[in-house]
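These notes are about the structure you will find just below.
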2 protein chains.
Amino acid sequence: MDVEQFRKAGYAAIDRICDYFYSLEKLPVVSKVEPGYLKGLIPAQAPEEGEDFSKVQDDYEKLILPGLTRWQHPSFFAYFPTGCTFEGILADLYSSSVANPGFNWSASPACTELEVITMDWAAKLLGLSPEFYNSSEVGGGVVQTSASDSVLVAVVAARSRYLTAHPETKIEDLVIYSTTQTHSLAKKAAVVLGLGIRSIAVKTEEKFSLRGGELRAALEEDTKLGKKPFIMIATVGSTSSGAVDNIGELGEVLKEHPDVWYHIDAAWAGVALACPEYRESLYLPEINEYATSFCTNFHKWGLVNFDFSAMWVRDRKLLTAALDVTPLYLRTKQGDEGTAIDYRNWHLGLGRKFRSLKLWFVLRSYGVSGFQNHIRKGIEMNNLFVNLLSESKTLELVTEPSLALTVFRVVPPSAEKYTLEEINGLNSQFFKTMSVRDDIMITQTNLNGVICIRFAVGSARTEEVHIRQGYGVIEREGAATVDTWLRART
Amino acid sequence: MDVEQFRKAGYAAIDRICDYFYSLEKLPVVSKVEPGYLKGLIPAQAPEEGEDFSKVQDDYEKLILPGLTRWQHPSFFAYFPTGCTFEGILADLYSSSVANPGFNWSASPACTELEVITMDWAAKLLGLSPEFYNSSEVGGGVVQTSASDSVLVAVVAARSRYLTAHPETKIEDLVIYSTTQTHSLAKKAAVVLGLGIRSIAVKTEEKFSLRGGELRAALEEDTKLGKKPFIMIATVGSTSSGAVDNIGELGEVLKEHPDVWYHIDAAWAGVALACPEYRESLYLPEINEYATSFCTNFHKWGLVNFDFSAMWVRDRKLLTAALDVTPLYLRTKQGDEGTAIDYRNWHLGLGRKFRSLKLWFVLRSYGVSGFQNHIRKGIEMNNLFVNLLSESKTLELVTEPSLALTVFRVVPPSAEKYTLEEINGLNSQFFKTMSVRDDIMITQTNLNGVICIRFAVGSARTEEVHIRQGYGVIEREGAATVDTWLRART
């Protein structure tokens, strides 16, 4: 493909993407293809000779689009909606056109420098302490692929710091601390790194938030057993229910254990710190006071297209001390002189994409106020959902709504007559019914034994009408499931 | 930005990218900005109100482009050139427009299914054994971010397999095997995972290739010491010099050590297996016979834009057994039934981009023959460079050229009169001189104490004229450096 062919194909791609967004609302949210659907539609090997690109684009539309779950759909309320803005798409387009594996400053100065600057923009947007700014030259921010990677990096650095201070430690004694509501990323980090993990139980009556007393008790117990807790992964806005650990209490306890790294995973909720009115309930002052590292994913609620997990550390040397392995062919004048950040020493791999462009495009186009409006709108729409739900006889909240996330379940009349197991059965049945529909997508979870349903708002295209429609479907299907369930019991 | 504003901005972006490629050859390869250049040009915080997008695009051109190293430039011969095709750019554009963190099959069926199919296309393109195909339902292929991630995944799975077989093993006794010419990714994997590593010395007279005898000796020695080697990372096409370990001999030795995982890192050279005439020298039959896992980066020489590291395993269960942690909110009907691959259990994180689209677009547009032509052209152009160099009195090969990579150094007349240290000094001086130029980019390395220069061909835009120009510059600067160096000695 030469430049003019690219121009033609590029215009066509832009037009097709416009068509996609125009048609989005009329399309199903959930793809209804069966496993293996594509096998019969695509040859088993690459063509011997190249094909015309317009044919490839046609096939993308014909074969691929129908098999995609539409995370951009205004009625997508599953998992957490993912950022997908036109600004993000255009940044990815530019970034791909200058393909730069910017592992070193000198491998592509602009990639590093824009990351350095825009991560400070993001830190300021969220109200993080200047200690976390890159401009502090002590702490700093870096783009990771996902919150899983951010946690992996934190655990690796924490382990390195701990073992440097206590070289006699047996690896088998190291323990990662998390809670029973921490995202599976903590367990995955433990599995990947071959380390022990303790999930401290959180209580329903504490709204699934870990309190200082429980952390202290765990630390005392493990210390007696000779175990070495070396990192606490606390959560601000859990995946299951949006629960927020008591960051201040945990921080106070950890002050007595300065060897324990304090990582705060705010993968989903962290971007809400952009709005000053949520900073207290999301423990911003305590994050600023106590956190060793902090992470939030702009690619969830934060308008930036996947992948953009923002991670900050209070002391960048803790990352580079753990991750720097520099052979001659990666050494550069600027790196040797320490005049520039070499981001390869801040993450697990070597090559990295030019991703800060996305954040730059998004923050410039939306401005701080536009970003805040987006967050506030998501919360307002979730409030609408909660208001509607409060009128329902079939649906009940399982825990307090959190920002733009509601966790609820279906209940039969005179619910007190049934066991938890029975009502869980009803909810599994309800979720199965909902999973068959293609006009709305939601996900299930389990809160301390209670099977429940998550309704997560956050897509940039969701409006009031979609909330009302979605609620209507859920309420009707809920009532119908209860009817069926009651009939089956008589 | 609404859809029509996106259309306008999208056309403009395509036009600007066309301009970039038209002007590429006239632009410097190396950005000459100084560390911190961008700080004065961009405000220290995001704007309060959103700005017009055309202004953002203007700033991209004015502020960012000049700070990018031009990896796409035909005179970029540093590191290994990175893939950047129009097809890859368009695939990234489409992929970003449907932002899908396809961790599960059901999170977006097409993302998984196209990866399953195109990784088989790639396996067939390279001549891998059907045991590695996804269609085997035993082995399979997966897209990782970089070769570093592929190695991390292999080491984690190898450790898990070893510890399952030998649960009494002390973590401290585990050893990763590599060579002194293995890419720093092996050392980084050891650092990240907190495991021991042994770099077996390779010899200049063996062209930096690890032989079976040396591996056997190391295994015997370590076994006597109670160490537990559990993975051998062999290289096909090392970064420093394109060296190829003796895959067959190593495989034979490892047959006696079935607990040792055999990972083959062909990050750069692996794509050359697309050409049957290189399969023997790159040990394809032996890879097919012995490898537990195999990796090559299509984002280097393979025409696919970063990030696309292709990894295959002979037994997918070894990955999922090591990496599967599935909480309720990630459980799906298809995953539970085992009817679909959930790729999250094949890599370190959870979310993943829709990257198979890039490979699909590239292989359909180029066809197998076009892909082969690209590889052959790179090798031919490197041969031209080697032919020119063979006439030079100032330049000499340090080791045999490998495919599209030449490693050479500058030598003074009557080189035998000088120590290695002196000639190394001359070459460091030469590299410094070259680093000041902005019309060509090359990198340095060290081969068993010999400082040398790498010349890596592979950009899709490099033609004979660029090789001749590049050679001319190198030869002239080499001769001038020798003159200066000789004068300084008298």
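Just so it is clear, none of the values below were taken in a lab; they were calculated from the coordinates. Predicted, not measured: the structure shown is a model, and the values here were computed from it. Note that we place each Cβ from the backbone using ideal geometry, even for glycine, and neighbour counts take in every protein chain shown.
For region A:1-14, give me each residue that is more than 20 Å from B:L114 (Cβ to Cβ) and either facing chain B (nearest Cβ under 7 Å) or part of a loop (DSSP other than H, G, I, E, B) (or both).
Across region A:1-14, the qualifying residues are A:M1, A:D2, A:V3, A:F6, A:R7, A:G10, A:Y11, A:I14.
Filtering region B:65-86 down to residues that are of a type in the set (A, V, I, L, M) and facing chain A (nearest Cβ under 8 Å), which residue is surrounded by the fewest Cβ atoms within 10 Å (Cβ to Cβ)?
Within region B:65-86, the match that is surrounded by the fewest Cβ atoms within 10 Å (Cβ to Cβ) is B:L65.
Among what's in region B:174-213 and is basic (K, R) and in a loop (DSSP other than H, G, I, E, B), pick the residue that is nearest to the chain's Cα centre (by Cα). If you could, list the steps in order and put the result at the bottom.
Pass one, region B:174-213, residues basic (K, R): B:187-188, B:198, B:203, B:207, B:211.
From the residues that got through so far, the ones that are in a loop (DSSP other than H, G, I, E, B) too are B:203, B:207, B:211.
Details: B:K203: 23, B:K207: 21, B:R211: 23 Å.
Selected residue: B:K207.
Among B:L420, B:L405, which is the only one that is surrounded by 15 or more Cβ atoms within 10 Å (Cβ to Cβ) and not polar (S, T, N, Q)?
B:L405
I'd like to check something: does region A:431-453 contain any residue that is of a type in the set (S, T, Y), in contact with a helix residue (DSSP H, G or I) (Cβ under 8 Å, 6 or more places away or on another chain) and surrounded by fewer than 16 Cβ atoms within 10 Å (Cβ to Cβ)?
yes
Which condition from (1) farther than 27 Å from B:W71 by Cβ; (2) within 8 Å of chain B (Cβ to nearest Cβ); (3) surrounded by fewer than 22 Cβ atoms within 10 Å (Cβ to Cβ) is the one that A:K62 breaks?
Only one criterion is unmet by A:K62, namely (2).
Do you know which residues across region A:20-34 are more than 9 Å from chain B (Cβ to nearest Cβ), in a helix (DSSP H, G or I) and surrounded by 14 or more Cβ atoms within 10 Å (Cβ to Cβ)?
Residues satisfying the conditions are A:L24, A:E25.
So which residues in region A:194-236 are at positive phi and more than 14 Å from chain B (Cβ to nearest Cβ)?
A:K207, A:G226
In this structure, is B:I89 in contact with a Leu (Cβ under 9 Å, 6 or more places away or on another chain), facing chain A (nearest Cβ under 8 Å), of a type outside the set (D, E) and touching a residue at least 40 places away in the same chain (Cβ under 8 Å)? Step through it out loud before you land on a result.
On the way: in contact with a Leu (Cβ under 9 Å, 6 or more places away or on another chain): yes; facing chain A (nearest Cβ under 8 Å): yes; of a type outside the set (D, E): yes; touching a residue at least 40 places away in the same chain (Cβ under 8 Å): yes.
Yes: the conditions hold for B:I89.
Which count do you get for residues in region A:410-439 that are among the hydrophobic types (A, V, I, L, M, F, W, C) and touching an Asp or Glu at 6+ places or on another chain (Cβ under 9 Å)?
5
Name the residue that is farthest from B:V253 (Cα to Cα), counting only residues in region B:214-238 that are assigned to a strand (DSSP E or B) and hydrophobic (A, V, I, L, M, F, W, C). Give the steps one after another, and end with the answer.
Going through region B:214-238, the residues assigned to a strand (DSSP E or B) turn out to be B:228-236.
Okay, now just the ones that are also hydrophobic (A, V, I, L, M, F, W, C), so B:230-234, B:236.
On the way: B:F230: 13, B:I231: 13, B:M232: 11, B:I233: 14, B:A234: 13, B:V236: 17 Å.
The qualifying residue farthest from B:V253 (Cα to Cα) is B:V236.
Which residue is farthest from A:L318 (Cα to Cα), if the candidates are limited to region A:158-173 and must be more than 11 Å from chain B (Cβ to nearest Cβ) and free of Cβ contacts under 8 Å to residues at least 40 places away in the same chain?
A:E168
Among the aromatic types (F, W, Y), within 7 Å of chain A (Cβ to nearest Cβ) and farther than 30 Å from A:Y37 by Cβ: does that describe B:Y37?
yes
Kindly evaluate B:S150 against the criterion of being under 18 Å from B:N345 (Cα atoms) and in contact (Cβ under 8 Å) with a residue 24 or more places away in the chain. Steps first, please.
Numbers: under 18 Å from B:N345 (Cα atoms): yes; in contact (Cβ under 8 Å) with a residue 24 or more places away in the chain: yes.
So B:S150 passes the test.
So which residues in region A:108-144 are small (G, A, S), surrounded by fewer than 23 Cβ atoms within 10 Å (Cβ to Cβ) and either within 20 Å of A:C275 (Cα to Cα) or free of Cβ contacts under 8 Å to residues at least 12 places away in the same chain (or both)?
Scanning region A:108-144 gives A:G127, A:S129, A:S136.
Is it the case that B:L388 is touching a residue at least 24 places away in the same chain (Cβ under 8 Å), closer than 25 Å to B:A415 by Cα and away from chain A (no Cβ under 14 Å)?
Values: touching a residue at least 24 places away in the same chain (Cβ under 8 Å): yes; closer than 25 Å to B:A415 by Cα: yes; away from chain A (no Cβ under 14 Å): yes.
Yes; evaluated as a whole, the condition is true for this residue.
Residues are listed down the side, and each one gets a yes or a no for (1) of a type in the set (S, T, N, Q); (2) surrounded by fewer than 24 Cβ atoms within 10 Å (Cβ to Cβ); (3) touching a residue at least 24 places away in the same chain (Cβ under 8 Å):
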site	(1), (2), (3)
B:H257	no, yes, yes
B:A266	no, no, yes
B:A269	no, no, yes
B:E277	no, yes, no
B:L284	no, yes, yes
B:T292	yes, yes, yes
B:C295	no, no, yes
B:F298	no, no, yes
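Is one or more of the residues making up region A:457-474 without any contact (Cβ under 8 Å) to a residue 12 or more places away in the chain and among the charged types (D, E, K, R)?
No: region A:457-474 contains no residue that is without any contact (Cβ under 8 Å) to a residue 12 or more places away in the chain and among the charged types (D, E, K, R).
Restricting attention to region A:123-154, report how many residues are within 16 Å of the chain's Cα centre (by Cα) and within 10 Å of chain B (Cβ to nearest Cβ).
Going through region A:123-154 one residue at a time, the tally reaches 10.
Is it the case, given these coordinates, that B:S428 is in contact (Cβ under 8 Å) with a residue 24 or more places away in the chain and either within 14 Å of chain A (Cβ to nearest Cβ) or touching a Phe, Trp or Tyr at 6+ places or on another chain (Cβ under 9 Å) (or both)?
In short, no.
Please specify each residue of region B:386-402 satisfying the condition of being surrounded by 14 or more Cβ atoms within 10 Å (Cβ to Cβ) and not aliphatic (A, V, I, L, M).
B:S392, B:T394, B:E396, B:T399, B:P401, B:S402
Cβ-Cβ under 8 Å, sequence separation 6+ or interchain: first residue in region A:215-236 and buried (at least 24 other Cβ atoms within 10 Å of the Cβ), partner in a strand (DSSP E or B) and among the acidic types (D, E). Which pairs?
A:I233/A:D265; A:A234/A:D265; A:T235/A:D265; A:V236/A:D265
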